[in-house]
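The structure under discussion appears below in the form of structure tokens.
The values are calculated or read from the model by the stated rules, or taken from the named source; none is laboratory data. In this text, all values refer to a predicted model and were calculated from it rather than measured experimentally. As a convention, Cβ positions derive from the backbone with ideal geometry for all residues, glycine included, and neighbour counts pool all protein chains shown.
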Amino acid sequence: MRHVVVKTRNGVEGLLAFREPLPPPAISAEDVPALFAWMLEKDPLIPNNLSRLTDIHAAVFQGAPAARLGYDQHLLLQVTEDLGLYGTKESLGFHLAQLAAAYRRASEAYRKAEGGRAQAVDAALWQMASLASRLRMEAWIYHGLHGEPPQLPSTRQRELPLKFPRN
């Protein structure tokens, strides 16, 4: 498999670009735990303060079924589920574009919540951290499966909902 090393970019596009050291090969849900462990240790972009992320996760999901999972377990479950749902190049590419749009919204929510109630800040941080990690891992798996990095649609198309042809 040929790896394309892409120049680092800012913003959400930077989460889709990879530089040395490259993550280990990953093409399926079975590869996700090892990929996540590698990224927590060596990836320069995904959030990796597991203690802080676990505390945020516990606060956000207090009293909810997800609270029984730690941050890492919840994230692994989400990525594994995503890979099961989006099995084609097109569907995974569209899903990554939706994750990117959600990350942008979470980032904006965090900026607005900063300095406010701790609960609002924690909720925004959970969204940003989990979306960044999911986007990063799933983009690498997309790359492994399809031999190229995912491409986000043009700026004008990023937030558009699905459109269906008229009958």
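Residue under question is L92, and the condition is that it be out of contact with any strand residue (DSSP E or B) (no Cβ under 9 Å at 6 or more places or on another chain), surrounded by 15 or more Cβ atoms within 10 Å (Cβ to Cβ) and either under 19 Å from I46 (Cβ atoms) or of a type in the set (V, I, T) (or both); does it hold? Break it down into steps so the answer makes sense when it comes.
On the way: out of contact with any strand residue (DSSP E or B) (no Cβ under 9 Å at 6 or more places or on another chain): yes; surrounded by 15 or more Cβ atoms within 10 Å (Cβ to Cβ): yes; either under 19 Å from I46 (Cβ atoms) or of a type in the set (V, I, T) (or both): yes.
Judged against the criteria, L92 is a match.
From the set of residues in the range 55-82 that are touching an Asp or Glu at 6+ places or on another chain (Cβ under 8 Å) and among the hydrophobic types (A, V, I, L, M, F, W, C), which is farthest from I27 (Cα to Cα)?
Restricting attention to the range 55-82, the residues satisfying the condition of being touching an Asp or Glu at 6+ places or on another chain (Cβ under 8 Å) are 56, 59-60, 79, 82.
With the extra rule that they be among the hydrophobic types (A, V, I, L, M, F, W, C), the set shrinks to 56, 59-60, 79.
Values: I56: 30, A59: 33, V60: 31, V79: 12 Å.
My answer is A59.
Anything in the range 84-116 that is assigned to a helix (DSSP H, G or I) and either in contact with a Ser or Thr (Cβ under 7 Å, 6 or more places away or on another chain) or among the charged types (D, E, K, R) (or both)? List them, or say none.
Residues satisfying the conditions are K89, E90, R104, R105, E108, R111, K112.
Does at least one position in the range 59-82 carry a residue that is touching a His at 6+ places or on another chain (Cβ under 8 Å) and closer than 22 Å to G144 by Cα?
yes
Which pairs do you get when a residue that is closer than 19 Å to H57 by Cβ and free of Cβ contacts under 8 Å to residues at least 40 places away in the same chain, found in the range 109-121, comes within reach of a residue that is exposed (fewer than 12 other Cβ atoms within 10 Å of the Cβ) and not small (G, A, S), reach meaning Cβ atoms under 7 angstrom, with the pair 6+ apart or on two chains?
What qualifies is V121/E114.
Can you report the number of residues in the range 18-39 which are surrounded by fewer than 17 Cβ atoms within 10 Å (Cβ to Cβ) and of a type in the set (A, V, I, L, M)?
Of the residues in the range 18-39, the ones surrounded by fewer than 17 Cβ atoms within 10 Å (Cβ to Cβ) are 19-22, 24-25, 27-30, 33-34, 37.
Those left that are additionally of a type in the set (A, V, I, L, M): 22, 27, 29, 34, 37.
Within the range 18-39, residues that are surrounded by fewer than 17 Cβ atoms within 10 Å (Cβ to Cβ) and of a type in the set (A, V, I, L, M) number 5.
Do we have L125 as at pLDDT 95 or above and either part of a helix (DSSP H, G or I) or out of contact with any Asp or Glu (no Cβ under 9 Å at 6 or more places or on another chain) (or both) here? Reasoning before the result, please.
Numbers: at pLDDT 95 or above: no; either part of a helix (DSSP H, G or I) or out of contact with any Asp or Glu (no Cβ under 9 Å at 6 or more places or on another chain) (or both): yes.
Spelling it out, it is not the case that L125 is at pLDDT 95 or above and either part of a helix (DSSP H, G or I) or out of contact with any Asp or Glu (no Cβ under 9 Å at 6 or more places or on another chain) (or both).
Restricting the range 10-27 to residues that are of a type in the set (A, V, I, L, M) and in contact with a Lys or Arg (Cβ under 7 Å, 6 or more places away or on another chain), which is farthest from E138 (Cα to Cα)?
V12
For the range 8-44, how many residues meet the condition of being of a type in the set (A, V, I, L, M), within 16 Å of A132 (Cβ to Cβ) and modelled with pLDDT of 90 or more?
Matching residues across the range 8-44 total 7.
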